[in-house]
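Beneath this line is the structure, given in structure tokens, with notes to follow.
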Amino acid sequence: MNNQAIGLIDSGYGGLSLAKELKRLLPLETLLYFGDNARAPYGNQELSQVEVMIHQLADFLIEEGVKAIVVACNTGTVAALDSLVKRWDIPILGVIDGGVEAAVQTTQNKKMGLIATRGTIESQVYPQKIKALDPDIIIYEKACPHLVDLVESGQLSGVKVDSLVASQLEPIKQAGVDSLILGCTHFPLLSQPIQKYMGSAVSLVDPGVNTIQELANQLKDLDLLAEERQGEDLYYTSGDPLAFARLASQWLALEDVQVSEINIGGA
């Protein structure tokens, strides 16, 4: 089972930020990635529907024989992580807990920003978990669906990106936060323009980094780490495979990304 692949699930491109960290930290592991681009974004949909869609993607990866799954989507984590863990007897991780722990350790002035999708913001899962660790922290939240749209359209830099980042993050910057949680896995793909606008004094917290570290720890504890590289990473999308391949190649710095289109759940 050690040489079976690791599955990553996302509503679209956002999970590529975790794929990049996985390839850096666990270079011997094989990756099966599913981006549900045809039904993205998840953040504007009802959590009950998101749960159904996440389970459909997980079922597909389970049938492909993955040894672990990462729900590389904050909204998907809120909606479906608990039910997935109860259903399948393999390591299944979300992206929220790692971000909470890292953010609490990062802030010095107890003023923290959070940008996410509408669904994640309305769930209040981040404030609840953060306050449980440190009730003195003040959290300034903002739903930023337009930033998700930027990434899904393949726009990661340029004048339009800088302008939209500034308009979306202005109230959080004015609040004087010293840390900012990128509470949607799409947002690390915009980390450069976000950091440029927020300034070097503000630390960006990418929950995905901690999530992949926790995955590595769990696989090690279960003696499931790959001992040698087996096969090629495979990427699936319910959307346009050519568009996915272009952005994945850009973000992962790879010349050839193998992407297959899969129609799932009526997508």
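Pick from the stretch 69-90 the residues that are in contact (Cβ under 8 Å) with a residue 60 or more places away in the chain and in contact with a Leu (Cβ under 8 Å, 6 or more places away or on another chain): which of them is nearest to PRO145 (Cα to Cα)? Working first, answer last.
Kept after step one, since they are in contact (Cβ under 8 Å) with a residue 60 or more places away in the chain, are these residues of the stretch 69-90: 69-76.
Those left that are additionally in contact with a Leu (Cβ under 8 Å, 6 or more places away or on another chain): 69-72, 75.
Values: ILE69: 25, VAL70: 22, VAL71: 19, ALA72: 17, THR75: 12 Å.
Here the answer is THR75.
Which numbered condition trips up VAL209, out of (1) assigned to a helix (DSSP H, G or I); (2) open to solvent by less than 20 Å² (accessible area, probe 1.4 Å); (3) under 18 Å from ALA19 (Cα atoms); (4) β-branched (Val, Ile, Thr)?
(2)
Got a sec? Which of LEU242, LEU204, LEU234 is at pLDDT 90 or above and either buried (at least 19 other Cβ atoms within 10 Å of the Cβ) or in contact with a helix residue (DSSP H, G or I) (Cβ under 8 Å, 6 or more places away or on another chain) (or both)? Steps first, answer last, please.
On the way: LEU242 fails: either buried (at least 19 other Cβ atoms within 10 Å of the Cβ) or in contact with a helix residue (DSSP H, G or I) (Cβ under 8 Å, 6 or more places away or on another chain) (or both); LEU234 fails: either buried (at least 19 other Cβ atoms within 10 Å of the Cβ) or in contact with a helix residue (DSSP H, G or I) (Cβ under 8 Å, 6 or more places away or on another chain) (or both).
The match here is LEU204.
When the residues of the stretch 172-187 are filtered to those that are open to solvent by 10 Å² or more (accessible area, probe 1.4 Å) and part of a helix (DSSP H, G or I), which remaining residue is farthest from ILE121 (Cα to Cα)?
Checked the stretch 172-187; the qualifying residue farthest from ILE121 (Cα to Cα) is GLN174.
Can you give me the number of residues within the stretch 65-93 that are under 16 Å from PHE187 (Cβ atoms), outside any helix (DSSP H, G or I) and among the small types (Gly, Ala, Ser)?
Count: 1.
Any idea which residue in the stretch 122-164 is farthest from THR237 (Cα to Cα), counting only those that are among the acidic types (Asp, Glu) and at pLDDT 95 or above? Walk me through how you get there before you give the answer.
If we filter the stretch 122-164 for residues that are among the acidic types (Asp, Glu), which is where we start, we get 122, 134, 136, 141, 149, 152, 162.
Add one more test, that the residue is at pLDDT 95 or above, and what stays is 134, 136, 141, 162.
Values: ASP134: 39, ASP136: 42, GLU141: 30, ASP162: 28 Å.
By that ranking, first place goes to ASP136.
Within the stretch 154-169, which residues are over 17 Å from the mean Cα position of the chain (by Cα) and either within 19 Å of ALA116 (Cβ to Cβ) or free of Cβ contacts under 8 Å to residues at least 12 places away in the same chain (or both)?
First pass over the stretch 154-169, keeping only residues over 17 Å from the mean Cα position of the chain (by Cα): 155, 157-169.
Across the stretch 154-169, the qualifying residues are GLN155, GLY158, VAL159, LYS160, VAL161, SER163, LEU164, VAL165, ALA166, SER167, GLN168, LEU169.
The values are calculated or read from the model by the stated rules, or taken from the named source; none is laboratory data. In this text the structure is predicted, and so the values were computed from the model without any measurement. Cβ sites come from the backbone with ideal geometry, for glycine too, and all protein chains shown count toward neighbours. Ligands, DNA and RNA are stripped out before the accessible areas are found, and what is left, the full protein with its side chains, is counted by its heavy atoms. Shrake-Rupley method; radii C 1.70, N 1.55, O 1.52, S 1.80 Å.
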